[in-house]
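*Asks:* Take a look at this one; I'll ask things after.
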Amino acid sequence: MTDHKQNPTGISARAMQGTEPAYLKGLNPEQRDAVLSTDGPLLVLAGAGTGKTRVLTTRLAHILTTQKAWPNQMLAVTFTNKAAREMKERIGHLIGNVVEGMTWLGTFHSIGVKILRNHYELAGLRSGFSILDDDDQVRLLKQLLKAEGIDEKRWPARQLANAIDGWKNRGLTPDKVTEAEAYSFANGLGKKLYQDYQARLKTVNAADFGDLLLEVVRIFQTHPDVLKSYQQKFKYMLVDEYQDTNVVQYLWLRLLAQGHRNICCVGDDDQSIYGWRGAEVDNILRFEKDFPGAKIIKLERNYRSTPDILGAASGLIAKNESRLGKTLRTDKTESTLVSVRGHWDGEEEARAIGDDIEALQRQKEHLNDMAILVRASSQMRAFEERFITLGLPYRVIGGPRFYERAEIRDAMSYFKIVASPDNDLAFERIINTPKRGIGDASIQKMYNVARTSGTSLYVAAEKMLGTDELPAKARTALRLLIESFARWRKQVDALPHTELAEIVLDESGYTEMWQHDKSPEAEGRLENLKELVRSMGEFENLAGFLEHVALVMDRDTGAETDDRVNIMTLHSAKGLEFGTVFLPGWEEGLFPHQRSLDEKGRSGLEEERRLAYVGITRAKHRATISFAQNRRIHALWQSAMPSRFIDELPEKHVEVAAMTSSYGGQSFASSRFDSNTSFGKGSYDTPGWQRAQARKSSGDTMRASPKFIEGEMTASFANTPTYETGERVFHQKFGYGNVTEVDGNKLTVDFDKAGEKRVIDSFVERG
DNA sequence: GTCCTAAATTTTTTT
DNA sequence: AATTTAGGAC
């Protein structure tokens, strides 16, 4: 990158003096303070909806217009690519395309790679190292476990990957892992495996996600000259979502901030939801200690939500103990209560939400301004199915990712090997895809050679072309493949990369493989491959494309011009806002999630509560929380209790909606909802009371099934004796049909319209 | 080595 | 329920 020696903004400094710049207009006093306090450490505690992004972007614009720094002297870090993109865009609106000079605006990881690419040799890597994704990482570890003779059933590679990630997140290189911790995997082999893994990464010339940060920190720590050059470079530093930083990121920032000491961190401890990824809320709680003399500004004026939404969210988050404490205020007066609804099962929940959405749509509300925020992505399916039958347009944000599809990974593997042959994982993936007659046995032989000689698989394979270790058939196939790669590699600079990509897919026989495949998905896969090549065209070269995919992992969400309901997880909803928000699945075990409770105890619960807080505060006008009494998890039905979070919502901001009259167990559900006045204090006591009772009676954890709910369920089922083959039944969704088979409480019914389906007997009635 | 079937295993959130 | 893995037949 060359420095453009010109005024960074195009606006003359003279014009700025005297009159106040336009971008400061409309900021409240705290926001203005946060924008203007440019020098020295600053922590901005920005509650939900308090105009955080506006402050952030205005601050950057301000530093640039006042010429305190050139665009490339500013470091601005975000967590997601989306946030980075948005920030860039908004700065662009403020000060024009000067923002293009901000080469150090990006995610921790993308900035990490950039630094690492400049100093790869200090990390034991070679030029053009590749970035391993999650899947590659696990596959590599699997090999190491196998080589070590460790039972993969007892010690899954996935678990080791998590352990290593955890260590890396905490800034621990293998030598710094304590013996005690090393024992957490395979009786002490954890440390050795971590070491082996790192060594293997170097031979295959690759870095995993954790390395992108940890290796940089290590370089900074061991090479003061390198560190110093970056310290001098970054005159102003800005960190978004500071509450989500982990130990390495914290170390990374602190090392860099020791230069000019102009670091501004923006965050909200109440929105820290990435503890499972190593985030340390402590970082934000400790800011003043780390940066003595730091200024702290609280943004508490909320511009997003109504008083009821804010009240409900605040009441909930107040139950958390470890927080700095903020009080959000709003000037808004118009308000609707947060609605809480119970349903018989997940399908009914989806039906009710679908109805609501259609009703809102009739009132001319935009679907784009509505969102369904779920705890786990497995909840999404019910909504998708319902919306498809309704013909209601929706989009899933952060769903199954394009780049995780098998055909895309295969194709990408070919491209990766063209770019860097030492990528073992990629090579193994396609060495026999399409089938070339190179089987497991041959691959194992190659691995043995690779391991003993300390080379990559590709080099070992090349070597073995000249020996008779491999069967003749395999050797011939391998020779052909290696020669092809050599040929393609020669063309990298000669041909446009999209053209080369087509040649590779063609000549390798990969396209042909799918053309001859007669499975129904084959056509879609070929379509995806075309789409892949097309999207490559947006990048300058092959290397640029590969890097983008490694770091971003999903395609741009495309045009948001069409009006669709948004479906996403609570995690990916952070930072967004919608007029209407639906929050389904508020049930014990699902939300708060059982695993979170099991693994992290109270702190896990508090993180779940923060997640609930994030969910509610996404809403501008309306929020609807719901739970289902029964949910199908895999194949079996489980009865669930309403989430404790529902009880924690302050009564005065919540209305418990009447149950949508529907069908089946519905009637009993609504009765238990309505006839509760005899129990305890206050009129607002729906679901919570049940749970309290349940816990008292079972004396067990929250998962324990409440006796009386079971009782009622059985009672309700008892009224409906089992059906017999040939009987005529009616089903809410499928209509009338004849029972063709009975298996316990599962029936096979041949429906007049819908055809043969398997259903649970409690969902049909005699017709 | 390849292909087919049976069995086992999943059950959070993501750069 | 759906997907991945293991094992066995060819």
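*Asks:* Test A:T467 against the stated conditions and say whether it is open to solvent by 40 Å² or more (accessible area, probe 1.4 Å) and more than 16 Å from DNA strand C (Cβ to nearest atom).
*Replies:* yes
*Asks:* Here's a check for you: in region A:631-642, which residue that is under 23 Å from A:I616 (Cα atoms) and out of contact with any Pro (no Cβ under 7 Å at 6 or more places or on another chain) is nearest to DNA strand B (Cβ to nearest atom)?
*Replies:* The selected residue is A:R631.
*Asks:* Are any residues in region A:356-382 part of a helix (DSSP H, G or I) and within 16 Å of DNA strand C (Cβ to nearest atom), and if so, which ones?
*Replies:* A:S377, A:S378, A:Q379, A:M380, A:R381, A:A382
*Asks:* A further question on this structure: What is the number of the single condition among (1) surrounded by 15 or more Cβ atoms within 10 Å (Cβ to Cβ); (2) charged (D, E, K, R); (3) within 21 Å of A:N169 (Cβ to Cβ) that A:K142 does not meet?
*Replies:* Exception for A:K142: condition (3).
*Asks:* Which one of these is open to solvent by 40 Å² or more (accessible area, probe 1.4 Å) and part of a loop (DSSP other than H, G, I, E, B): A:E100, A:E89, A:E152?
*Replies:* The conditions single out A:E152.
*Asks:* Scan region A:275-304 and report the pairs whose first residue is within 24 Å of A:T38 (Cα to Cα) and among the small types (G, A, S) and whose second residue is more than 16 Å from DNA strand C (Cβ to nearest atom) and in a helix (DSSP H, G or I), with Cβ atoms within less than 8 Å and a gap of 6+ or a chain change.
*Replies:* Pairs found: A:A294/A:F287; A:A294/A:E288.
*Asks:* Which condition breaks for A:P400 when tested against (1) within 30 Å of A:G615 (Cα to Cα); (2) in contact (Cβ under 8 Å) with a residue 12 or more places away in the chain; (3) outside any helix (DSSP H, G or I)?
*Replies:* Here A:P400 meets the rest and fails (2).
*Asks:* I'm told A:V449 meets every condition in (1) within 16 Å of DNA strand C (Cβ to nearest atom); (2) open to solvent by less than 40 Å² (accessible area, probe 1.4 Å) except one. Can you identify the failing condition by its number?
*Replies:* Of (1) within 16 Å of DNA strand C (Cβ to nearest atom); (2) open to solvent by less than 40 Å² (accessible area, probe 1.4 Å), only one is false for A:V449: (1).
*Asks:* With the checklist (1) open to solvent by less than 70 Å² (accessible area, probe 1.4 Å); (2) modelled with pLDDT under 85; (3) under 28 Å from the mean Cα position of the chain (by Cα); (4) within 16 Å of DNA strand C (Cβ to nearest atom) in hand, flag the one item A:D134 doesn't pass.
*Replies:* (1)
*Asks:* Can you tell me which residue within region A:392-429, out of those that are open to solvent by less than 10 Å² (accessible area, probe 1.4 Å) and hydroxyl-bearing (S, T, Y), is nearest to DNA strand C (Cβ to nearest atom)?
*Replies:* Among those that are open to solvent by less than 10 Å² (accessible area, probe 1.4 Å) and hydroxyl-bearing (S, T, Y), it is A:S413.
*Asks:* Now for a different question. Return the pair list, or none, for Cβ contacts closer than 7 Å from residues in region A:470-485 that are farther than 18 Å from A:N448 by Cα to residues that are assigned to a helix (DSSP H, G or I) and within 14 Å of DNA strand B (Cβ to nearest atom), at least 6 apart or on different chains.
*Replies:* A:I482/A:A461
*Asks:* Going by the conditions given, is A:A48 part of a loop (DSSP other than H, G, I, E, B), at pLDDT 90 or above and within 30 Å of A:A619 (Cα to Cα)?
*Replies:* In short, yes.
*Asks:* Can I ask one more? What are the pairs, 6+ residues apart or on separate chains, where a residue within region A:141-152 that is closer than 17 Å to A:L457 by Cβ has its Cβ under 9 Å from a residue that is of a type in the set (V, I, T)?
*Replies:* From region A:141-152, the pairs are A:L141/A:I164; A:L144/A:I150.
*Asks:* Another question about this same structure. For the subset of region A:475-523 comprising residues that are assigned to a loop (DSSP other than H, G, I, E, B) and over 21 Å from A:M536 (Cβ atoms), which member is most open to solvent (accessible area, probe 1.4 Å)?
*Replies:* A:K518
*Asks:* Go through (1) more than 14 Å from DNA strand B (Cβ to nearest atom); (2) open to solvent by 70 Å² or more (accessible area, probe 1.4 Å) and name the single condition A:R381 misses.
*Replies:* Of everything listed in (1) more than 14 Å from DNA strand B (Cβ to nearest atom); (2) open to solvent by 70 Å² or more (accessible area, probe 1.4 Å), A:R381 misses just condition (1).
*Asks:* Determine, yes or no, whether A:W167 is in a loop (DSSP other than H, G, I, E, B) and either in contact (Cβ under 8 Å) with a residue 12 or more places away in the chain or within 16 Å of DNA strand C (Cβ to nearest atom) (or both).
*Replies:* Taking the combined requirement at face value, the residue does not satisfy it.
*Asks:* Still on this structure: Considering A:Y447, A:Y394, which residue is touching a residue at least 24 places away in the same chain (Cβ under 8 Å) and within 14 Å of DNA strand B (Cβ to nearest atom)?
*Replies:* A:Y447
*Asks:* Just need a number here: residues in region A:246-297 that are among the β-branched types (V, I, T), modelled with pLDDT under 90 and open to solvent by 20 Å² or more (accessible area, probe 1.4 Å).
*Replies:* 1
*Asks:* For region A:108-124, which positions are touching a strand residue (DSSP E or B) at 6+ places or on another chain (Cβ under 8 Å) and open to solvent by less than 10 Å² (accessible area, probe 1.4 Å)?
*Replies:* A:F108, A:I111, A:V113, A:L116, A:A123
*Asks:* What is the number of the single condition among (1) within 16 Å of DNA strand C (Cβ to nearest atom); (2) surrounded by 24 or more Cβ atoms within 10 Å (Cβ to Cβ) that A:F591 does not meet?
*Replies:* (1)
*Asks:* Can you find, within region A:624-641, the residue that is farthest from DNA strand C (Cβ to nearest atom) among those that are hydrophobic (A, V, I, L, M, F, W, C) and over 24 Å from the mean Cα position of the chain (by Cα)?
*Replies:* The extreme case among them is A:M641.
*Asks:* For residues in region A:614-647 being of a type in the set (D, E, K, R) and under 24 Å from A:W344 (Cβ atoms), which is most open to solvent (accessible area, probe 1.4 Å)?
*Replies:* Selected residue: A:R632.
*Asks:* Can you find, within region A:70-86, the residue that is farthest from DNA strand B (Cβ to nearest atom) among those that are under 21 Å from A:Q31 (Cβ atoms) and open to solvent by less than 40 Å² (accessible area, probe 1.4 Å)?
*Replies:* Top of the filtered list is A:M74.
*Asks:* Right, another one. From A:L605, A:L597, A:L611, grab the single residue that is part of a helix (DSSP H, G or I), open to solvent by less than 10 Å² (accessible area, probe 1.4 Å) and touching a residue at least 12 places away in the same chain (Cβ under 8 Å). Talk me through it step by step, then tell me what you get.
*Replies:* Values: A:L605 fails: open to solvent by less than 10 Å² (accessible area, probe 1.4 Å); A:L597 fails: open to solvent by less than 10 Å² (accessible area, probe 1.4 Å).
Only one candidate qualifies: A:L611.
*Asks:* Related question: Scan (1) hydroxyl-bearing (S, T, Y); (2) closer than 16 Å to A:A382 by Cα; (3) without any contact (Cβ under 8 Å) to a residue 60 or more places away in the chain for the single condition A:T569 breaks and write down its number.
*Replies:* (3)
*Asks:* If I ask for residues that are open to solvent by 20 Å² or more (accessible area, probe 1.4 Å) and over 15 Å from A:T50 (Cβ atoms), which ones from region A:326-340 would you list?
*Replies:* Hits for region A:326-340 are A:T333, A:E334, A:S335, A:T336, A:L337.
*Asks:* Find all pairs meeting these conditions: Cβ atoms under 8 angstrom apart; at least six residues apart or on different chains; first residue within region A:325-336 and at positive phi; second residue surrounded by 14 or more Cβ atoms within 10 Å (Cβ to Cβ).
*Replies:* none
The values are calculated or read from the model by the stated rules, or taken from the named source; none is laboratory data. Owing to the predicted nature of the structure, the values given are computational and were not obtained by experimental measurement. For neighbour counting, all protein chains shown are included, and Cβ atoms are generated from backbone atoms with ideal geometry for every residue, glycine included. Just so you know, the surface numbers come from the protein's heavy atoms only, side chains and all, with ligands and any DNA or RNA stripped out. Shrake-Rupley method; radii C 1.70, N 1.55, O 1.52, S 1.80 Å.
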